[in-house]
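Undergrad: Have a look at this one.
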Amino acid sequence: MGKFVATGTTVTFNGSDISGAVARAELVINAAEVDVTDFGSSGWTEVIGGLKSGSVSLDFHHDYGTGGVSRTFQDLVGTIGTVTLIAANGTAASSATPKYTATVLVNSFTPIAGAVGDLATFSVTFPTTGAVTYATA
Amino acid sequence: MAELAAIRDGLGNNLATISGLRVAEEVIDNPQPPVAMIALSSIDYHTDMRFGAKYNFTVQVIVGRASERHAQRTLDLYVNPAGASSVKAGVESNRTLGGVVSDVVCESMPNVGAITLNDQTYLAADFLVAVYV
């Protein structure tokens, strides 16, 4: 598999497939920069990797129907949930379509959004808690 | 996943709520005014990570001979944003087309004027309708 256009990232939340309500998905994994610059650094800063962290950003289409994503999130602010994302338009984990799993804090939800005439959408960015793992099978 | 034919049926049913307006769910050769013809203009795919799409329809309402004052007065009623003869209100009278789609919005009426059909000049208006599935 080579380059690809993102058209089918599989996204689940607490085990439910919510891909049909997701318009954008992003998982970011960071490592803190820890400065170890000293007098032996020859005039350059030196850094090493510190604590890792991550975030999951998702853009949704609002849907309050039965099983709709807006219903899913409206009672979950302040709770911990599990997000999985399968890359490269995959529907199952493989080496070409790795499946990432992150435990996240649902720290926000926007139940009402949208200007007149616009599709009603909402966006979230959840911080991860604990390790972000991935599987290839 | 909504089938296009079911969407056309739903739009047709919504437009049929306008008294006296004939409805053609496809473009026809010899329309008998006043008539609303439903034509698919374009589809925006990939609106979500699965099968989401936005269907863009043009509903052309032909009201009668362009020279007839009655046709112009009828058109005045059809283009109102609300009311029993409002095409916008009719299109949006059942926003899910009976559970077939997520939402239906009549976005605008960008064109109004004379059109020529079968060597006759008619007064017509185009309504742009967005259907979200």
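Undergrad: For chain A, modelled as a Gaussian network with Cα springs under 10 Å, which listed residue fluctuates most, A:ASP118, A:ASP59, A:ASP75?
TA: Ranking A:ASP118, A:ASP59, A:ASP75 by mean-square fluctuation puts A:ASP118 first.
Undergrad: Ok, one more. Going through region B:1-75, which chymotrypsin sites (Phe, Trp or Tyr not before Pro) have at most 14 other Cβ atoms within 10 Å and a DSSP loop state? It would help to have the intermediate numbers written out before the result.
TA: Details: sites: B:TYR45, B:PHE51, B:TYR55, B:PHE57; in loops: B:PHE51.
Loop-located and lightly packed - B:PHE51.
Undergrad: May I pose another question? What ranking of A:SER123, B:SER102 emerges when the number of other C-beta atoms within 10 Å of each C-beta is taken as an exposure proxy, fewest first? Don't skip to the answer; put the middle values down first.
TA: On the way: A:SER123 13, B:SER102 19.
Sorted ascending by nearby Cβ count, the order is A:SER123, B:SER102.
Undergrad: Now a separate question. As a test of the formula, what do you get for chain A when each DSSP H run with n ≥ 4 contributes -39,500 (n - 2.57) and the sum is divided by the residue count, at 222 nm and rounded to the nearest 500 deg cm²/dmol? Intermediate values should be presented prior to the final figure.
TA: Working: 1 runs with 6 residues, N = 137.
Rounded to the nearest 500, the figure is -1000 deg cm²/dmol.
Undergrad: Can you give the angle from 0 to 90° between the axis of helix B:4-15 and the longest principal axis of chain B, with both taken from C-alpha atoms, to the nearest 10?
TA: That helix lies at roughly 50 degrees to the long axis.
Undergrad: Using only Cα atoms, tell me the angle between helix B:69-78 and the longest principal axis of chain B; keep it within 0 to 90° and round to the nearest 10.
TA: 20
Undergrad: Contact order normalised by length for chain A, with contacts defined as Cα pairs under 8 Å and 6 or more residues apart; what percent is it?
TA: Details: 297 pairs, mean separation 35.6, N = 137.
Averaging sequence separation for qualifying contacts and normalising by length gives 26 percent for chain A.
Undergrad: Could you identify which residue out of A:ILE29, A:ILE86, A:ILE18 has the top mean-square fluctuation in a GNM of chain A using Cα springs shorter than 10 Å?
TA: Residue with maximal mean-square fluctuation among A:ILE29, A:ILE86, A:ILE18: A:ILE29.
Undergrad: If the elastic network links every pair of Cα atoms under 10 Å, which of A:SER41, A:SER70, A:SER19 fluctuates the most in the Gaussian network model of chain A?
TA: Highest fluctuation among the options: A:SER41.
Undergrad: Just to be sure I understand the model, the point goes 7 Å from the Cα along the line to the Cβ. What's the resulting B:GLU3 to A:THR79 distance in nm?
TA: Rounded to a tenth, the inter-label distance reads 3.9 nm.
Undergrad: Quick one: net charge around B:ILE115, please, counting Lys, Arg +1 and Asp, Glu -1 for every other residue with C-beta under 15 Å from its C-beta.
TA: Values: positive: B:ARG65; negative: B:ASP29, B:GLU68, B:ASP119, B:ASP126.
Within the 15 Å Cβ shell, the charges total -3.
Undergrad: Oh, and also: Order these by the 10 Å Cβ neighbour count, fewest first: B:ARG8, B:ARG65, B:ARG22.
TA: B:ARG65, B:ARG22, B:ARG8
Undergrad: Please enumerate, by chain and number, the aspartates and glutamates with C-alpha under 15 Å from the C-alpha of B:LYS54, excluding those fewer than 8 residues away in the same chain.
TA: A:ASP118, B:GLU3, B:ASP44, B:ASP103, B:GLU107
Quick note: the coordinates plus some simple rules give every number you see, no bench work behind them. As the structure is a prediction and not an experimental result, all values here were calculated from the model. Ideal geometry is used to build each Cβ from the backbone, glycine not excepted, and the neighbour counts take in all protein chains shown.
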